[in-house]
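Down below is the structure, laid out as structure tokens.
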Amino acid sequence: MNLIESHLPVPGHSALAPAGGQHHELAVVLFALVVVVTLAITVWVGRRGQATEDFYAGGRDFGPLQNGIALSGDYLSAASFLGVTGLIALYGYDGVLYSIGFLVAWLVVLMWVAELVRNTGRYTLADVLTTRMRQRPVRAAAGSASVVVTLLYLIAQMVGAGSLVALLLGTTGAAAKTWTIVAVGALMVIYVTVGGMRATTWIQIVKAMMLMTGAALLTGWVLVRFHGDFAGLMEAAARGSGAGSRYLEPGLKYGGTATERLDFVSLGLALVLGTAGLPHILSRFYTVPTARAARRSTVWAIGLVGCFYLMTVVLGLGATALVGSKAVKTANSAGNTAVPLLALKLGGGDGSTGGALLFAITSAIAFATILAVVAGLTLASSVSFAHDLYAEAFRRADRPAVSDRQEVVVARLAAVVIGGTAIVLSLFAQRLNVAFLVSLAFAVAASANLPTLLYNLFWRRFTTRGACWATYGGLVPALVLVLFSPVVSGSRTAMFPGVDFHWFPLENPGLISIPLGFLAGWVGTVSGEERADADKFAELEVRSLTGAGAV
């Protein structure tokens, strides 16, 4: 069995109904309650401010704790709650590697990005770059890369939503997933167009608190079931996995062949380096008033994210021990529904009122997680399109400058278009694990955005040509390698299983595309005749380190 087949769902898999049909009404009520509450927050907060700074950056008046919670909310997506836990449930030790990668990435953000980006930018990554580069070419490159990365991330969230609702309603049909994806897409457009960053931030805060509370409740319940004996939990998980002791050892997922080992290295690079290049994470640093607040926000986020990923280990092991890997795969071969099934088991099992209640609550929290993250992603991509592409890259030099009001209008229209595009693409990706899909977004972010950002902040000789080469030199190879990988074709579990045009053997392109991004930026800089402006770099350096002149 090759790598992609080992963790992606098989078409026609059966869903496991959570309980009898009499409990479906409870699930629908809880889902509706989540939608109503989030829409109420959007409308209430959206009426408080319609200025550009409110729409793009929430007025820059959020505190470090508030923004730290929102940062963790943006980061802890369906990939974390559903995908990572599912991978741990199916693959044990190798699944935990996802948790480690997602967490360690925040150290890169804290050391290299948070304060410097807050001091040198205004709304987007391109703002950081254009403090010393030419506007039009750099904004075209950075804006395009940001839209691509957020689209990939959006697809993962919508696929998670489709799997979740299909399981909740006990249906095996594709229609339920399709309509769920369409509904989530419509809701995310409403959140962005009505509420902007301020409403999105409050939704993230509410969602993060719900998620942490729900995860803590389930984690404590699992530990109580095993009388606090973590070793006993691991032994029970090994028995429930069907793989015995191999479940607790490296190699169940990534150790079979040399290709799988290379794919693991590629995955690790993407996860650790990708977070610092994610547009919706970078935009969060502009919602606080100072660089110090940005750094403190990151510290809060690291604490919350760290606690959560420790809990995912317990939840994944608990799902294997109490539900069993076979049952998890029966419900969803990618493991995306391991947490709701664990909740069902803890509450009393299939057919019980307690099980149905806990299952529905857990699923509602997961659904709230998806809604909040897609709102943040859509906002980041629409702002990049309006602020970078429409206002600068696409504007002819002889035309008047775009006003702030026009930018906001275009951003709202872009949210509609991006939402529609994400819906269409998500319909073709329903076979894929959500954590795996997110790892592709991380790979593209690490390949296209991170090299440009680091070179711009720390390399005095870096030029506009180098910035464009770094962005496109990472973005294009990453997309091409994904297109011609087993993810898209060549396998019965690929996006297009009926054809085979793949030639790249790895699932994740990071091992190749990330070095190419850095190499392209260096070659573009040293091979061109353009010389970097020493004065602008000195100004950028002072501003990034001291905050002098920051917006």
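Give the residues of region 366-388 that are open to solvent by less than 10 Å² (accessible area, probe 1.4 Å) and more than 24 Å from residue 40 (Cα to Cα), sorted by residue number.
384, 386, 388
Being surrounded by fewer than 22 Cβ atoms within 10 Å (Cβ to Cβ) and small (Gly, Ala, Ser) is the requirement here; does residue 268 meet it?
yes
Would you please list the contacts, defined by Cβ atoms under 8 Å and residues six or more apart or on different chains, that run from a residue in region 221-250 that is touching a residue at least 24 places away in the same chain (Cβ under 8 Å) and open to solvent by less than 80 Å² (accessible area, probe 1.4 Å) to a residue that is in a helix (DSSP H, G or I) and among the basic types (Lys, Arg)?
Partner pairs satisfying both residue conditions: 242/326.
Within region 413-435, restricting attention to residues that are under 11 Å from residue 159 (Cα atoms) and crowded, with 24+ Cβ neighbours inside 10 Å, which residue is modelled with the lowest pLDDT?
433
So, in region 50-103, of the ones that are of a type in the set (D, E, K, R) and assigned to a helix (DSSP H, G or I), which residue ends up surrounded by the fewest Cβ atoms within 10 Å (Cβ to Cβ)?
60
Could you give me the residue pairs with C-beta distances under 8 Å whose first residue belongs to region 313-339 and is in a helix (DSSP H, G or I), whose second residue is basic (Lys, Arg) and open to solvent by 10 Å² or more (accessible area, probe 1.4 Å) wherever it lies, and which are 6+ apart or on separate chains?
Pairs found: 318/225; 321/239; 322/225; 322/345.
Would you pick out the residues in region 136-154 that are closer than 16 Å to residue 276 by Cβ and among the aliphatic types (A, V, I, L, M)?
142, 145, 149
Per-residue answers, yes or no, for (1) open to solvent by 30 Å² or more (accessible area, probe 1.4 Å); (2) part of a helix (DSSP H, G or I):
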{"site": "211", "(1), (2)": "no, yes"}
{"site": "217", "(1), (2)": "yes, yes"}
{"site": "253", "(1), (2)": "no, no"}
{"site": "259", "(1), (2)": "yes, yes"}
{"site": "262", "(1), (2)": "yes, yes"}
{"site": "280", "(1), (2)": "no, yes"}
{"site": "283", "(1), (2)": "no, yes"}
{"site": "301", "(1), (2)": "no, yes"}
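Here are some residues: 261, 292. Which one is out of contact with any Leu (no Cβ under 9 Å at 6 or more places or on another chain), among the basic types (Lys, Arg) and free of Cβ contacts under 8 Å to residues at least 40 places away in the same chain?
From the options 261, 292, the qualifying one is 261.
Specify the residue that is nearest to the chain's Cα centre (by Cα); the eligible residues are those in region 306-337 that are of a type in the set (Ser, Thr, Tyr) and open to solvent by 10 Å² or more (accessible area, probe 1.4 Å).
Going through the qualifying residues, I end up with 333.
For region 489-506, which positions are open to solvent by 10 Å² or more (accessible area, probe 1.4 Å) and in contact with a Phe, Trp or Tyr (Cβ under 7 Å, 6 or more places away or on another chain)?
Listed by number, the residues that qualify are 495, 501, 502, 503, 504.
Give 532, 470, 446, 520 a once-over and let me know the one that is open to solvent by less than 40 Å² (accessible area, probe 1.4 Å) and closer than 30 Å to residue 336 by Cα.
446
Against the condition outside any helix (DSSP H, G or I) and either touching a residue at least 12 places away in the same chain (Cβ under 8 Å) or open to solvent by less than 10 Å² (accessible area, probe 1.4 Å) (or both), how does residue 350 come out, does it pass?
So residue 350 passes the test.
Please specify each residue of region 535-550 satisfying the condition of being in contact (Cβ under 8 Å) with a residue 60 or more places away in the chain and surrounded by 15 or more Cβ atoms within 10 Å (Cβ to Cβ).
537, 539, 540, 543, 544, 547, 550
Kindly list, by first and then second residue, each pair from a residue in region 95-109 that is within 21 Å of residue 248 (Cβ to Cβ) to a residue that is not in a helix (DSSP H, G or I), limited to pairs with Cβ atoms under 8 Å and residues at least 6 apart or on different chains.
Correct list of pairs: 95/253; 97/254.
Can you tell me which residue in region 268-300 is nearest to the chain's Cα centre (by Cα), limited to those that are of a type in the set (S, T, N, Q) and within 25 Å of residue 157 (Cβ to Cβ)?
275
Here is a list of conditions, (1) under 23 Å from the mean Cα position of the chain (by Cα); (2) in contact (Cβ under 8 Å) with a residue 60 or more places away in the chain, and residue 462 meets all of them except one; can you say which number that is?
(1)
So, in region 105-128, exactly how many residues are aliphatic (A, V, I, L, M), more than 15 Å from residue 457 (Cβ to Cβ) and over 15 Å from the mean Cα position of the chain (by Cα)?
Here the count works out to 1.
In region 390-407, which residue that is aliphatic (A, V, I, L, M) and open to solvent by 10 Å² or more (accessible area, probe 1.4 Å) is farthest from residue 31 (Cα to Cα)?
That would be 397.
Taking residue 360 as the residue in question, decide whether it is crowded, with 24+ Cβ neighbours inside 10 Å, closer than 15 Å to residue 215 by Cα and either touching a residue at least 60 places away in the same chain (Cβ under 8 Å) or of a type in the set (Val, Ile, Thr) (or both).
Yes.
The values are calculated or read from the model by the stated rules, or taken from the named source; none is laboratory data. What you are looking at is a predicted structure, and each value in this text was computed from that prediction instead of being measured. All Cβ positions, glycine included, derive from the backbone under ideal geometry; neighbour counts span all protein chains shown. In case anyone asks, the SASA skips ligands and DNA or RNA and just uses the protein heavy atoms, side chains included. Shrake-Rupley method; radii C 1.70, N 1.55, O 1.52, S 1.80 Å.
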